[in-house]
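Have a look at the structure below, then the notes.
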Amino acid sequence: MFSKIITRDSMAERLVLIDINGVLVKDSRDVSEYVAEAIRSRYGLEAHFNLSDYEGASAQDMLRDILAKNGVSDDEINARLQGCAEELGYSYYNVTGREAIVVLDGAKQLLGELVKKGILVGIATGDIEDIVKNKLERAGLSDYFKFGEYGNREASLEKIIRNAVERAKKEFDFSGQSVWILSSTPRMLSAAKAAGVNALGVESGQHDSSELSAAGAAEVVKGVKERSNIIKAVLG
């Protein structure tokens, strides 16, 4: 799926990781049913939850918390958790994966400019890999990304970020000089701070600049349409 726009002719000195939801794309409607469907399929449970409570959380952490609050034992959660996380990809496609997705203003232009400037672009998100790829394909943004780390592989957002940085070093000759993560959620921005990388908050209407700054964002923009400010921050 991912692009071959960036070559390995020279060592990449800058890496931008993007938590795509609320930054580049968003669903056109409430899609809570895909989570309910996955839980129903793997646990035989009609779960009660508010999906917005888990904005920015890793898929595994989200599922674990929902299941525990719906009375599922730790042993039963652990026995089926990985399978349920993978099931989210199938259920998302069934519920909304063929519908139009909202591409946020300036998304394609920002990605194009990052790549043009030789910046390595990857994904770091708590979301499921199959879901992210589906969203990017529908949005026409797949070709700008070289790689990604996702919430079906790891529960900890901090580890997802660290794993993405290590992959960039091993697979794409990233020097480790400068890393930024773009996210619209306090959870991911806090994880970025814990992982020791620069965090840029993107307002999506859910959290204002003060909340994003308090979570660890060194810079905050009102959307990726402010690409000149984003590029300025990344280039230092």
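The values are calculated or read from the model by the stated rules, or taken from the named source; none is laboratory data. Quick caveat: nothing in here was measured; it's all calculated off a predicted structure. When we count neighbours, we look across all protein chains shown, and the Cβ atoms used for this are built from the backbone with ideal geometry, even at glycine.
Within the option set 164, 215, 192, being surrounded by 19 or more Cβ atoms within 10 Å (Cβ to Cβ), hydrophobic (A, V, I, L, M, F, W, C) and touching a His at 6+ places or on another chain (Cβ under 9 Å) holds for one residue only, 215. For the range 84-110, the set of residues classified as touching a Lys or Arg at 6+ places or on another chain (Cβ under 6 Å) and modelled with pLDDT under 95 is empty. Just one of the listed residues (191, 164) is small (Gly, Ala, Ser) and either in contact with a Lys or Arg (Cβ under 9 Å, 6 or more places away or on another chain) or without any contact (Cβ under 8 Å) to a residue 12 or more places away in the chain (or both), and it is 191. Restricting attention to the range 127-152, the residues that are in contact with a strand residue (DSSP E or B) (Cβ under 9 Å, 6 or more places away or on another chain) and either of a type outside the set (A, V, I, L, M, F, W, C) or under 13 Å from residue 19 (Cα atoms) (or both) total 15. Of the residues making up the range 52-82, those that are part of a loop (DSSP other than H, G, I, E, B) and closer than 17 Å to residue 128 by Cα are 55, 56, 57, 58.
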